[in-house]
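Novice: If you scroll down you'll find the structure; I have some questions about it.
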Amino acid sequence: MVITIDGKKCEFAAGQTVYQVAKANGIYIPVLCHHEQIKPVGACRVCVVEVEKARSLVASCAMPAEDGMVVQTNTPRVLSSRKLSVELLMTQGHHKCITCESSGDCVLQDLAYSLGVESPRFEEPAAYRELEQANEMIVRDMNKCVLCGLCVRACNEVQVNQVLDYTGRGPTAAVGPAFGLKYEDSDCVFCGECVRVCPVGALFEKQGRFQGRGDDLQKVRNTCAYCGVGCQLDVNIKDNRIVKITTPREGAPAPNYGSLCIKGRFGHDFVGHADRLTTPLIRVDGELKEATWDEAILYVAEKLNTIKKEHGSDAIAGLSSARCTNEENYLFQKFLRAVIGTNNVDHCARL
Amino acid sequence: MKVFRSHILVCGGTGCRASGSEGVHQAVVREIAAKELSNEVAVVETGCNGFCAAGPIMVIYPEGTFYQYVKADDVKEIIEEHIVKGRPVQRLMYKEPVTEAPIPHMLDIPFFGKQMLIALKNRGLIDAEKIDEYIARDGYMGAAKALTEMTPDEVIEEVKKSGLRGRGGGGFPTGLKWSFARKSQGDTKYILCNADEGDPGAFMDRSILEADPHAVIEGMIIGGYSIGATKGYIYCRAEYPLAIKRLLLAIEQAKDYGLLGQDILGSGYSLDIEVYQGAGAFVCGEETALMGSIEGKRGMPRPRPPFPAVKGLWDKPSVLNNVETYANIPQIVYKGGSWYSSIGTERSKGTKVFALTGAVNNVGLVEVPMGTPIGDIIFDIGGGITGGKQYKAAQLGGPSGGCIPAAALNTLTDYEEIVKLGAIMGSGGLIVMDEDTCMVDTARFFMEFCQEESCGKCTPCREGTNRMLQILQRICKGEGRDGDIELLEELASIIKDSALCGLGQTAPNPVLSTIRYFRDEYEAHIYDKKCPAAVCSALFKSPCQHACPIEMDVPAYIALIRAGRLEDAYRVMKKTNPFPGVCGRVCPQFCASKCRRGQLDDPMAIAWLKRYITDNGKKPATEPVPVTRKEKVAIIGAGPAGLTAAQDLAKRGYKVTVFEELPYAGGMMRYAIPEYRLPRDVIAEEVKDIEALGVEIKTNCRVGKDISFDALRKDYDIVVLAVGAHNSWKLGVEGEDLKGVWGATEFLREVNLGRDVKIGSQVAIVGGGNSAIDAARTAVRLGAKDVTILYRRERKDMPAWEHEIVAAEHEGVKIEYLVAPVKLVGKGGKLSGVVCQRMKLGEFDRSGRRKPFPIEGSEYTLSADTIIPAISQSADTTFIPEASDIKKDKWGGIEIPSRSKNKTTAESVFIIGDAATGPATVVEAIAMGHQVAADVDASIRVKNNEPAYKEPAEEKIDIPFEVDEEVVETPRAAMPELAAVDRAANFKEVELGYTREIAFKEACRCLRCDAEI
């Protein structure tokens, strides 16, 4: 099956949208409310294109490609519509790019720049909404929200937490938990998926605030240390300190495809914490003394042997941690059964 | 079924219930029981009858007697007189609006007579809560036929053949929609009914559900059967409790009768229907949002494709139609598709229900065949505009629709024809607006609605409508800017093109359509800061002042009458009006048409109060103004326009000379208006004040004869043409050169010159304006025996003032309506008769009035020795040399360059008054005089590089604020006048003027809209 986009014949497979076909063929169509992992809804109207014989412009992100379709992505009609949508979004709130965490990594900023919306003709609203930043993880700046709905869909479709939705209608339309609750008062589990997909600076990590943006930060791909899933994440580093954890907005790898849990995304401050243990400790005369790994392992081995000898194998039980990988857990139970000789083994995730 | 000798039908629709029909119903039941008539007379509470304006409504069968505004107290009389004694109660019948004759039978009332009922077949006839009554009127016959005799494909074929299109607004062919869903694969399909009627002004779905719920259920059974649905939902807004109650009851009854549920009528087909209550979001009328709402989600539209026929409710194939669509289905199936398609136009078949509301006499539900002109619905069925006001526009299709201006009243009710106008058929809400509606404000209202109801999902709708609303609000507040109209148009066209769903795509329609037809109103708001309809109150102090072309401070001088300070009142008037005495007698009172008091009882008698001040107050003294400027101005014509210009220019220090051909100053005031309406001394007194400023008026001096036009232009820096319109138009029929044919203006001028005018004894006057009445009443005074006015339309169309028409009739003038002269016949060169032709009214003209058409073969000859055409006048411009730089237009008038109101093609020559506009009014002439003075002065100053003129500080007059604590309905105080016998043979002033008592009483009626509280 073939569709023609800007004069170019493009092959496509059933189920592909016009946007996907264009992208696959190197034809640029801007998007804002679209995300590769989330069902398209055609809300922002930035991706509109002209489809031959269609009554009005069509949102390419939600339009299934049909055999023989003829699409134009760059006509004056398309551009003026796109430009107006961006102009409207730029003035619906207060996009203070100068201090915005997302500046340089913002879909709206890129759109305004590429479409050349230099001086919007509309006035920004008089009211300035207070930032929601009482919790330690997520800051919500609804002055910058463009109501793309990605946070809502990510919350419901990707993480299936079903905390966020739209409230209000028309000019009072907003996104957030039910009854206008704050995140921390709602059922929110702070997975941070909403932060990840937000295309603008309306949702961001509190920990990284004013710590650097864009190239200020060095991103180091890492595997989450919290559990055995092996989530891939980016540690954002500045001056050899972790500023925040992020995952790529799109194109994130398996196994987590960009999703994280509260620990993986926000639980990193222990790394540089003063109370963090950096060496094993052995209690000597009631007091913990620093030891080497060899000393500590030898010490534990001796104690286990003694207990086994004096009280038998079943006097020992093992409880392994969810922070271990599958392989480590396997080895652990093998060790208890084969080396210690007991079936007293369990895992914290079962409790 | 039990047989009764009489049925009393009491309307139980929401409209009638709101005006108390439940009490009426109970009273009837009680009274029938008390009279022991329960075995003879059945009492039925029906669904909506349709004529909601007349509610509570009662109809008594077998006679079909229609009673309106019935109160519980009337019931005893109705039962006693009508039921027991067989004497219908005349006082409760509908009255013909003009003759006031009672119309006993429902179908003789124009509101009902011109309708054709299919969807509303059972309205007001059956008890909606009894399935047997529905069945008795062929109910469920369509479903029975479909389920037992037809295959689903045959049903769909029949619906396709009928040409039925979705009545919810989109107009998508119903049969086609069903065939798509039928073809969709799936074991579960849904049949859905949209009863989320939310357009402001639309209430047909509610009425159908309340009056005939089974029709909708039957339609859904047929639809469900044809697509293979096993489950149906009726999505009904929770604000329709009566509809929901009756629907639920109807579903229960249908189940009990085996018409719904498992194995319907033994056909093997099963369908369950559930009512789902909508929570009131307008957007839930959009099909995908509606389905989302039934799924328990927030009602927000989804992009299509996939279409509901493929993936609808819970992603299953679904069909959604609205209430009215389903109500048509049973009869289409029962009577056949070709029966239905025989009604209507080429592409719009069957009938359409309209909810007729707004400024129309007969508010209610009407069902007409497609192809009925919109004007017929409004003027024949709707009975025209309330209060005799002018029709301005009708909003069709609610907030998604557009307006139908007067010039488009002939448009047929046809989906495509209506779209061409920029409106949509929509669900059929037809909101009629009169001259007192501001179209910018109307657009603002609908935009506010859409903006509030936008679900917030897509950018153009959410943000765009908000921006459009802000611009409209600004314009209504007088803060409109140059470029706003263009910005609105840009926003509108892009929103229409790019919004996600129907709500957003149609939300800009009211704005686009009001700009299309009423751009001048937008411009008046933005550039002149004027609201022509006097609605946008931020733009004015009081509506009367705003409506006045010269913005007279009406509430101020009325307040001063109340306070007894007549001299101050006089001074207030003189600030803006050099002719208050004249205007007090002959002003058409644009002010009164916008007077808020008129919404309560009658508008204030503003002109008569003005006259009271000039009759009784001491006139403020006028001081001469020294000439301080070197430029000289000549004004040709000493009418109200020229004299006002002279006054203003003199006040600004110019030397002004007015040239007047006739012996006295006053122009059309002096020579066209008869003395019995406007005594000569009143004009003379007010002219004196202008002369007192230093203005020179040269009478008996015709430019072009006594002094050449070119010489005048040499002697004066600026020339203002204010020559009036003294040449009557000719009829353009054979025989106009006969003796005895006069132009009205020429005739009145002769009389007003004091010449001895010999009038015949049988006088015919042609026309319907004030000139015609003036000529007629003057003819009476000159001794004519028979004076007949021939007017080609109806009385309500006459531009003449009603009280003038009545006065003429009192003086013996006859008026023949719907007649026009076609030929003048004579004997020996003298007129002997007028051949007249009867006219009938046909389609609407651009002004919204019905056009008269001659009736062939209706000619008759009216015996007459004099005929006076009073159809219009134009200016005499022969004094301007042919080779002048002042260009003339193709009709011989002076060409006025576009975007100008008073300029000619020569820089130093201006034009004002009737010569510029055609026959108008004194107050408009005064306004033009003021404007030209300012423009002349400004043009001189610009040329000289001088600063703009600064008005001297205004004299401060303290205006008291005193209003009555309680407003009691009081009609306007009548004007005392000479008895008809005392006035018919002379030119004494007919109206005698208010006395102090009357004036005080009248002044106290003022609501003081100017007060800033």
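Novice: Can you give the average number of partner chain beta-carbon atoms within 10 Å of each beta-carbon in peptide A:167-175, as a whole number? List each step's numbers first, then the result.
Specialist: Values: counts 2, 2, 14, 17, 10, 2, 6, 1, 1.
The shielding value for this peptide is 6.
Novice: Determine the shielding of peptide B:447-459 by partner chains: average, over its residues, the number of Cβ atoms on other chains within 10 angstrom of each Cβ.
Specialist: Values: counts 0, 1, 1, 1, 3, 4, 2, 4, 6, 13, 12, 10, 16.
Counting Cβ atoms of other protein chains within 10 Å of each residue's Cβ and averaging gives 6.
Novice: Can I ask one more? Relative to the Cα centre, what is the charge dipole magnitude of chain B, using +1 at the beta carbon of each Lys and Arg, -1 at the beta carbon of each Asp and Glu, and rounding to the nearest 20 debye?
Specialist: Charge dipole of chain B: 1200 debye, to the nearest 20.
Novice: To the nearest 500 deg cm²/dmol, what mean residue ellipticity at 222 nm is calculated for chain A from DSSP H runs of n ≥ 4 alone, each contributing -39,500 (n - 2.57), summed and divided by the residues?
Specialist: Helix contribution divided over all residues of chain A: -6000 deg cm²/dmol.
Novice: Using a Gaussian network for chain A with springs between C-alpha atoms less than 10 Å apart, which of these wobbles most: A:49, A:71, A:339?
Specialist: Taking springs between Cα atoms under 10 Å, the residue moving most is A:339.
Novice: Please state the relative contact order of the stretch A:208-337 as a whole percent: Cα pairs under 8 Å, 6+ residues apart?
Specialist: Relative contact order for the stretch A:208-337 comes out at 19 percent.
Novice: Could you pull out the trypsin sites (Lys or Arg not before Pro) across the stretch B:824-900 that fall in loop regions by DSSP (anything but H, G, I, E, B) with no more than 16 other Cβ atoms inside 10 Å?
Specialist: In loop regions of the stretch B:824-900 (DSSP not H, G, I, E or B), the sparsely surrounded trypsin sites (Lys or Arg not before Pro) are B:846, B:887, B:890, B:899.
Novice: What does the charge dipole of the protein assembly as shown about its Cα centre add up to, to the nearest 20 debye, if the Cβ of each Lys and Arg holds +1 and the Cβ of each Asp and Glu holds -1?
Specialist: Working: 164 positive and 183 negative charges, 308 e Å.
With Lys and Arg at +1 and Asp and Glu at -1, about 1480 debye.
Novice: I've got another one for you. Based on the Cβ-Cβ distance from residue B:945 to residue A:274, what FRET efficiency comes out when R0 is 60 Å, to the nearest 0.05? Before the final figure, lay out the partial values.
Specialist: On the way: r = 81 Å, r/R0 = 1.35.
Efficiency, from the Cβ-Cβ distance: 0.15.
Novice: Would you work out the charge dipole size for the stretch B:826-945 about its Cα centre, treating the Cβ of every Lys and Arg as +1 and the Cβ of every Asp and Glu as -1, and quote it to the nearest 20 debye? Before the final figure, lay out the partial values.
Specialist: Details: 16 positive and 15 negative charges, 68 e Å.
Using only the charged Cβ atoms, the result is roughly 320 debye.
Novice: Once you average over the residues of B:487-494, how many Cβ atoms of partner chains fall within 10 Å of each Cβ?
Specialist: 3
Novice: A further question on this structure: With θ set to phi - 60°, apply the Karplus curve 6.51 cos²θ - 1.76 cosθ + 1.60 along the stretch A:117-131 and write out the HN-Hα couplings as whole Hz, x wherever there is a Gly or Pro.
Specialist: Karplus values, whole Hz, x for Gly and Pro: 7, 7, 10, x, 8, 10, 8, 6, x, 5, 6, 10, 8, 5, 6.
Novice: Find the relative contact order for chain B and round it to a whole percent, using C-alpha pairs within less than 8 Å whose residues are 6+ positions apart.
Specialist: Reported as a whole number, the value is 8 percent.
Novice: For the stretch B:131-341, take every pair of Cα atoms, bin their distances at 5 Å starting from 0, and report each bin as a whole percent.
Specialist: Pairs per bin, as whole percents: 1, 8, 17, 22, 22, 17, 9, 3, 0.
Novice: Using only the alpha carbons of the stretch B:75-232, determine the length spanned along each of the three principal axes and report them from longest to shortest in whole angstroms.
Specialist: Principal axes ranked by extent give 64, 32, 27 Å for the Cα atoms.
Novice: Ok, one more. Please work out the Cα convex hull volume for the stretch A:174-267 and give it in Å³ per residue. All intermediate terms of the calculation are to be shown ahead of the outcome.
Specialist: Numbers: hull volume 10.6 nm³, N = 94.
In the stretch A:174-267, the Cα hull volume divided by residue count equals 113 Å³.
Novice: Give the calculated FRET efficiency between residue A:105 and residue B:172 to the nearest 0.05, with a Förster radius of 56 Å applied to their Cβ-Cβ distance.
Specialist: 0.80
Novice: Right, something else. Over the stretch B:492-535, how many percent of alpha carbon pairs lie in each 10 Å bin up to the one with the longest distance?
Specialist: Calculated P(r), rounded to whole percents: 28, 37, 26, 9.
Novice: Let me ask something additional. Please check which bits of the stretch A:72-98 a label hung off residue A:4 would reach, taking the label as a point 7 Å along Cα-to-C-beta and the cut-off as backbone N under 17 Å.
Specialist: Counting only backbone N, you get A:72-75.
Novice: Put one equal scatterer on each alpha carbon of the stretch A:123-245, apply the Debye formula with no solvent term, and list log10 I(q)/I(0) at q = 0.23 1/Å to two decimals.
Specialist: At q = 0.23 Å⁻¹ the computed log10 ratios are -1.46.
Novice: Ranked by Cβ crowding within 10 angstrom, fewest neighbours first, how are B:729, B:608, A:293 ordered?
Specialist: With the sparsest Cβ surroundings first, the list reads A:293, B:729, B:608.
Novice: So how do B:165-176, B:256-267 stack up, highest first, on mean other-Cβ count within 10 Å?
Specialist: So the peptides B:165-176, B:256-267, ranked by packing, come out B:165-176, B:256-267.
Novice: If each of residue B:295 and residue B:601 carries a label point 7 Å out from its Cα toward its Cβ, how far apart are those two points in nm?
Specialist: So the two model labels end up 6.1 nm from each other.
Novice: What distance in nm separates the simple spin-label points at residue A:303 and residue A:349, each placed 7 Å from Cα in the Cβ direction?
Specialist: 2.7 nm
Novice: For the stretch B:239-325, what size does the Cα cloud have along each of its three principal axes, sorted from largest down, in whole Å?
Specialist: Cα spread of the stretch B:239-325 along its principal axes, largest to smallest: 40, 31, 24 Å.
Novice: Want the number for residue B:734 to residue B:890: 0.36 nm per residue separation, take away the alpha-carbon distance, what's left?
Specialist: Net length gain for the segment: 53.8 nm.
Novice: For a paramagnetic label modelled at 7 Å from the Cα of residue A:124 toward its Cβ, which residues of the stretch A:136-170 fall within the zone defined by backbone nitrogen distances under 13 Å?
Specialist: A:142-145
Novice: Now for a different question. Simple spin-label model, 7 Å along Cα-to-Cβ: residue B:76 to residue A:315 in nm?
Specialist: Those two pseudo-labels are separated by 10.8 nm.
Novice: Related question: What is the calculated FRET efficiency for residue B:906 to residue B:342, with r their C-beta to C-beta distance and R₀ = 60 Å, to the nearest 0.05?
Specialist: 0.40
Novice: Order these peptides, A:75-82, B:205-212, B:101-108, B:741-748, by their mean beta-carbon neighbour count within 10 angstrom, highest first.
Specialist: B:205-212, B:741-748, A:75-82, B:101-108
Novice: I've got another one for you. Just going by the charge dipole of the stretch B:131-341, with Lys and Arg at +1 and Asp and Glu at -1 on Cβ, which of B:135, B:251, B:317 is farthest out on the positive end?
Specialist: B:317
Novice: Using mean Cβ contacts within 10 Å as the protection proxy, how do B:669-676, A:272-279 order, highest first?
Specialist: Sorting B:669-676, A:272-279 by mean packing, highest first, produces B:669-676, A:272-279.
Novice: Along the stretch B:576-582, what does the Karplus equation 6.51 cos²θ - 1.76 cosθ + 1.60 (θ = phi - 60°) give for ³J(HN,Hα), rounded to whole Hz, x for Gly and Pro?
Specialist: 10, 10, x, 10, x, x, 5
Novice: Going by Cα centres, the stretch A:214-276 and the stretch B:250-307 are how many Å apart?
Specialist: Centre-to-centre distance over Cα atoms comes out at 49 Å.
Novice: Residue A:223 to residue A:240: extension gain in nm, 0.36 nm per residue of separation minus the Cα-Cα distance?
Specialist: 4.3 nm
Novice: Find which of B:605, B:561, B:527 sits farthest along the positive direction of the dipole of the stretch B:512-615, computed with +1 on the beta-carbon of Lys and Arg, -1 on that of Asp and Glu, about the Cα centre.
Specialist: Sorting the options by dipole projection puts first B:561.
Novice: Residue B:94's amide H: which non-local residues (gap 5+, or another chain) put their own amide H closer than 5 Å, with H modeled 1.01 Å from N in plane and none for Pro or chain starts?
Specialist: Amide H neighbours of residue B:94: B:68, B:103.
Novice: Let me ask you something else. Rounded to the nearest 500, what is the 222 nm mean residue ellipticity of chain B from helices alone, with -39500 (n - 2.57) per DSSP H run of 4+ residues and division by all residues?
Specialist: Result for chain B: -10000 deg cm²/dmol, rounded to the nearest 500.
Novice: How high is the relative contact order of chain A, given as a whole-number percent (alpha carbon pairs under 8 Å, six or more residues apart)?
Specialist: Reported relative contact order: 11 percent.
Novice: If you project the alpha carbons of chain A onto their three principal axes, what span does each projection cover, largest first, in Å?
Specialist: Computed over the Cα atoms, the extents are 87, 51, 39 Å.
Novice: Quick one: net charge of residue B:206's neighbours, Cβ under 13 Å, K/R +1, D/E -1? All intermediate terms of the calculation are to be shown ahead of the outcome.
Specialist: Details: positive: B:17, B:123, B:237, B:245, B:246; negative: B:196, B:197, B:199, B:205, B:210, B:212, B:239, B:324.
Around residue B:206, the surrounding residues sum to -3.
Novice: Taking N as the number of residues in the protein assembly as shown, what is its Cα Rg relative to 2.2 N^0.38 Å? Mind showing how you got there, number by number?
Specialist: Numbers: Rg = 41.1 Å, N = 1364, 2.2 N^0.38 = 34.2 Å.
Ratio of Rg to 2.2 N^0.38 Å for the protein assembly as shown: 1.20.
Novice: Taking every pair of Cα atoms in chain B, average 1/r, invert it to obtain the Kirkwood radius, and report Rg/Rh to two decimals.
Specialist: Taking Rg over the Kirkwood Rh, I get 1.03.
Novice: Could you tell me the convex hull volume per residue, in Å³, taken over the Cα atoms of the stretch B:30-105? Mind showing how you got there, number by number?
Specialist: Numbers: hull volume 7.2 nm³, N = 76.
Roughly 95 Å³ of hull volume per residue.
Novice: Another one. Starting from the stretch B:347-402, pick out the trypsin sites (Lys or Arg not before Pro) whose DSSP state is loop and whose Cβ has at most 15 other Cβ atoms within 10 Å.
Specialist: B:347
Novice: Based only on other Cβ atoms within 10 Å, what is the fewest-to-most ordering of B:454, B:847, B:293?
Specialist: Ordered from fewest to most neighbouring Cβ atoms within 10 Å, B:454, B:847, B:293 come out as B:847, B:293, B:454.
Novice: Continuing with the same structure: Give the separation of the Cα centroids, the stretch B:29-86 to the stretch B:517-587, in Å.
Specialist: Spelled out, the Cα-based centre of one part sits 51 Å from the other.
Bear in mind these aren't lab numbers, they're just calculated from the coordinates by the rules spelled out. None of these values were measured; they are calculated from a predicted model. Glycine gets a Cβ as well: all are built from the backbone with ideal geometry, and neighbour counts include every protein chain shown.
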